[in-house]
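The next block holds one structure in the form of structure tokens; read it before the comments.
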Amino acid sequence: MKITALTVQQRDPNRVNVMVDGKYRFSLDITQVGDLGMKVGNEYSDKELAELETESQFGKLYARALEYCLLRPHSAREMKDYLYRKTLTKKYKSKQTGELKERVGVSQSVADRVFTRLIERGYIDDERFAHYWVENRHQTKGTSRRKLKAELAAKGVDRVIIERALGESERSDEQELRKIIAKKRSRYPDEQKFMQYLARQGFSYDDIKSALSEDSDSTTT
């Protein structure tokens with residue numbers, strides 16, 4: 001079978017449509033076209049074309065995963081969960097006919113390759129992610145170290161990495177409490193209920209009492 005045309009997609013100039021014997025077969029990232037030596041006139045067997053279609057899946061998924069990465073840093077577990085969802089077969093309704101169709105997900109091996117590539121290129125790094133999360137999570141609203149620790153653990157970050165990120169941060173529960181008290185006190189006229197709310201945010205009872213006492217002193221002077 002012969003490559004009869006290579007045309008840049010109108011909707012995505014970074015992808016190239018590959019025509020085989022006059023019919024569309026698959027698309028590749030423009031970089032893949034060069035790396036794979038794709039040229040009009042090249043001839044391939046069914047097996048070779050199947051391998052190229054796998055490369056097409058890899059290129060598409062890598063581009064989408066990279067976009068996901070660039071929204072904000074993600075933990076390794078978050079990225080694995082994202083890639084797993086891409087392996088699932090999903091049903092959708094055709095816009096043209098309204099018919100219910102299935103979109104088959106990529107193979108697990110392709111998802112694994114994408115994950116490995118992201119690791120190799122430094123887009124996935126739990127150490128960097130943990131520092132990002134600690135320094136940016138509710139920076140203006142305030143949040144407790146205990147809550148930050150629980151959130152990072154839920155995202156699959158190793159305990160040692162979490163402790164290191166928290167240890168290198170200048171954020172303290174005393175400062176975070178002041179932020180929350182300044183923003184939330186007016187919503188809780190009942191002091192006991194306010195203390196319960198703060199405790200649910202992960203702060204210790206002693207820190208809460210001390211912070212509320214300081215706040216009361218400052219408002220009366």
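The values are calculated or read from the model by the stated rules, or taken from the named source; none is laboratory data. Just so we're clear, the structure is a prediction, and the values are computed from it rather than from any experiment. Quick reminder, even Gly has a Cβ in these numbers, built from the backbone with ideal geometry, and neighbours come from all protein chains shown.
Summary table below
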{"read-out": "Search result, residues across region 86-124 that are among the acidic types (D, E) and either in contact (Cβ under 8 Å) with a residue 40 or more places away in the chain or under 25 Å from L52 (Cα atoms) (or both)", "value": "E102, D112, E120"}
{"read-out": "Which listed residue is among the β-branched types (V, I, T) and over 28 Å from G122 (Cβ atoms), from V16, V40, V33, V106", "value": "V40"}
{"read-out": "Within region 101-126, considering residues that are outside any loop (DSSP other than H, G, I, E, B) and of a type in the set (G, A, S), the one surrounded by the fewest Cβ atoms within 10 Å (Cβ to Cβ)", "value": "S109"}
{"read-out": "Residue check, L61 closer than 30 Å to E151 by Cα, without any contact (Cβ under 8 Å) to a residue 60 or more places away in the chain, hydrophobic (A, V, I, L, M, F, W, C) and surrounded by fewer than 12 Cβ atoms within 10 Å (Cβ to Cβ)", "value": "no"}
{"read-out": "Qualifying residue in region 28-37 (condition: modelled with pLDDT under 90, over 30 Å from Y132 (Cβ atoms), in a strand (DSSP E or B) and of a type outside the set (A, V, I, L, M, F, W, C))", "value": "no"}
{"read-out": "Matching residues in region 69-92 - criterion: being surrounded by 10 or more Cβ atoms within 10 Å (Cβ to Cβ) and part of a strand (DSSP E or B)", "value": "K90, Y92"}
{"read-out": "Helices (runs of 4 or more DSSP H) contained in region 136-221 and holding at least 2 residues closer than 30 Å to D125 by Cβ", "value": "145-154, 159-167, 173-184"}
